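Data block below; observations after.
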Amino acid sequence: MSHEITFTPNTAGVTDPKGFFANGVSADIRRKGNDRLDTGIVFSKTPCAAAGVFTKNRVKAAPVLQCESVLKVAGPIHGIIANSGNANACTGAQGKLDAKSMADQAAAACGVEANSFLVCSTGRIGDLLPMDRISPAIAKSGAGIVAGDTDGESFSNCILTSDTRKKTCTATFEVDGKTVTLAGSAKGAGMIQPNMATMLAFITTDIAADNATLKELLAETVKHTFNAITVDGDMSTNDTVLVLANGESGVTLDDKTLEKFKEALFLICDNLADKIVADGERITKVVELLISGADSEAGAESIARSIGNSLLVKTSWYGNDPNWGRLMDALGYADSEFDPDKIDISYGDVPALVSGTPIPENKPKWKEVVKERRFTIHINMHAGEASYRLRASDLTEGYVDFNKSE
């Protein structure tokens with residue numbers, strides 16, 4: 001068996017694995033009178049094993065509840081119907097009926113049994129879905145799928161909201177002369193703070209797997225990728241990551257292939273998570289926070305999030321100001337035990353604080369690091385063995401202006 005994974009960061013997305021079809025169409029859900037893509041289907045004629053990870057927000061959108069309900073039954077899944085422009089969140093009993101109706105209509109349009117489709121929505125909260133527009137779009141999308149549409153790019157575009165670009169990637173590896181492919185398409189730019197954020201991610205693979213194994217692997221991978229990012233600290237009502245596995249590669253997920261599949265799945269999720277942060281609403285910087293030497297993993301995460309969500313820290317990044325004092329302040333209210341006189345902080349490889357003592361002569365070098373579009377801050381707490389990585393963004397006037405109204 002080959003140990004090499006081929007990874008490509010920008011691809012057609014979910015249609016790359018064998019046996020998956022997809023497309024995106026316009027229902028004009030936003031009522032702008034244009035042909036912006038906003039409704040799409042991912043489909044496999046071969047039944048799939050499936051798993052999902054969802055928002056931990058107590059206010060869950062109807063599509064999230066529908067997906068959770070379908071996945072509990074653990075029956076075969078054939079596809080996903082998704083829309084942008086309307087989150088179908090906080091829409092009461094009608095919203096739940098509409099979510100189920102979308103899934104049932106997509107299944108019928110693709111010629112498969114009911115309860116074999118998952119449904120996802122993203123967009124404005126609190127408005128009922130315009131089903132009079134969505135239903136014809138589902139029928140059109142389904143007709144295209146039946147005709148053999150393999151347009152992963154149009155599907156990847158139809159799920160976008162405030163995103164400025166589609167987010168896709170693909171990984172492949174060989175097993176006894178057979179190729180296993182994993183691919184992903186995601187959306188997300190604002191209301192980004194796991195667990196998870198206003199983000200949708202769809203992963204398809206042609207390996208054969210069971211639901212329980214997929215669920216375990218996906219949950220562990222999401223923990224270190226999609227759940228380790230923040231743009232604005234807001235947790236959404238609709239966050240969903242779904243994985244479908246149809247087995248058409250002829251390779252089975254077992255002890256022989258497990259580690260390679262885990263590695264490929266991580267590459268997919270990590271790349272998509274990075275793309276979400278990098279496309280944060282009106283941001284100018286992506287900052288990787290690497291916390292080490294913490295008293296516990298929970299403590300390390302609390303430190304990272306205290307810093308990554310601090311408005312004072314985020315605005316200083318935007319202003320090209322290292323201002324490590326704000327980092328110290330933010331980590332000071334994290335839920336972690338440590339001695340401030342033992343902390344090391346560096347910007348890239350430039351020390352700013354060593355054993356709690358400032359290194360002011362390095363300030364010109366700190367400033368050069370923080371001017372970069374991407375940079376890393378290393379913080380060693382010297383309080384234990386735990387570590388955590390969080391990718392965050394700065395906060396700009398543009399973000400405020402963009403989000404002051406809808």
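The values are calculated or read from the model by the stated rules, or taken from the named source; none is laboratory data. Since this is a predicted model, take the numbers as computed values, not measurements. Please note: Cβ atoms are built from the backbone with ideal geometry, for glycine as well, and neighbour counts cover all protein chains shown. Side chains are part of the model used for accessible areas, which takes the heavy atoms of the whole protein and leaves out ligands, DNA and RNA. Shrake-Rupley method; radii C 1.70, N 1.55, O 1.52, S 1.80 Å.
Side notes on the structure shown:
- Within the range 30-69, being in a loop (DSSP other than H, G, I, E, B) and open to solvent by less than 10 Å² (accessible area, probe 1.4 Å) holds for Asp38, Thr55, Ala61.
- Residue count, the range 267-276 (criterion: under 19 Å from Thr164 (Cβ atoms) and open to solvent by 10 Å² or more (accessible area, probe 1.4 Å)): 3
- Residue check, Val73 open to solvent by 10 Å² or more (accessible area, probe 1.4 Å), farther than 14 Å from Thr39 by Cβ and touching a Phe, Trp or Tyr at 6+ places or on another chain (Cβ under 9 Å): no
- Between Ala93, Ala99, Ala12, Ala27, the distinction of being outside any strand (DSSP E or B), surrounded by fewer than 16 Cβ atoms within 10 Å (Cβ to Cβ), among the aliphatic types (A, V, I, L, M) and at pLDDT 95 or above belongs to Ala93 only.
- Residue list for the range 277-300, restricted to those being surrounded by fewer than 17 Cβ atoms within 10 Å (Cβ to Cβ), closer than 25 Å to Ile343 by Cβ and of a type in the set (S, T, N, Q): Ser296
- Filter result for the condition that a residue is over 26 Å from Thr164 (Cβ atoms) and under 28 Å from the mean Cα position of the chain (by Cα), over Tyr333, Tyr399: Tyr333
- Search result, residues across the range 368-406 that are assigned to a loop (DSSP other than H, G, I, E, B), open to solvent by 20 Å² or more (accessible area, probe 1.4 Å) and in contact (Cβ under 8 Å) with a residue 24 or more places away in the chain: Lys371, Glu372, Arg373, His382, Ala383, Gly384, Glu385, Leu395, Glu406
- Lys363 vs. criteria in contact with a strand residue (DSSP E or B) (Cβ under 9 Å, 6 or more places away or on another chain), modelled with pLDDT under 95 and either open to solvent by 50 Å² or more (accessible area, probe 1.4 Å) or not in a helix (DSSP H, G or I) (or both): yes
- Residue match in the range 336-355 (condition: free of Cβ contacts under 8 Å to residues at least 60 places away in the same chain, touching a Lys or Arg at 6+ places or on another chain (Cβ under 7 Å) and not in a loop (DSSP other than H, G, I, E, B)): yes
- Taking the range 187-226 as the range and being farther than 13 Å from Gly52 by Cα, open to solvent by less than 20 Å² (accessible area, probe 1.4 Å) and either in a helix (DSSP H, G or I) or at pLDDT 95 or above (or both) as the test, the residues that pass are Thr205, Asp206, Ile207.
- Checking Lys314 against (1) touching a helix residue (DSSP H, G or I) at 6+ places or on another chain (Cβ under 7 Å); (2) buried (at least 22 other Cβ atoms within 10 Å of the Cβ), the condition it does not meet: (1)
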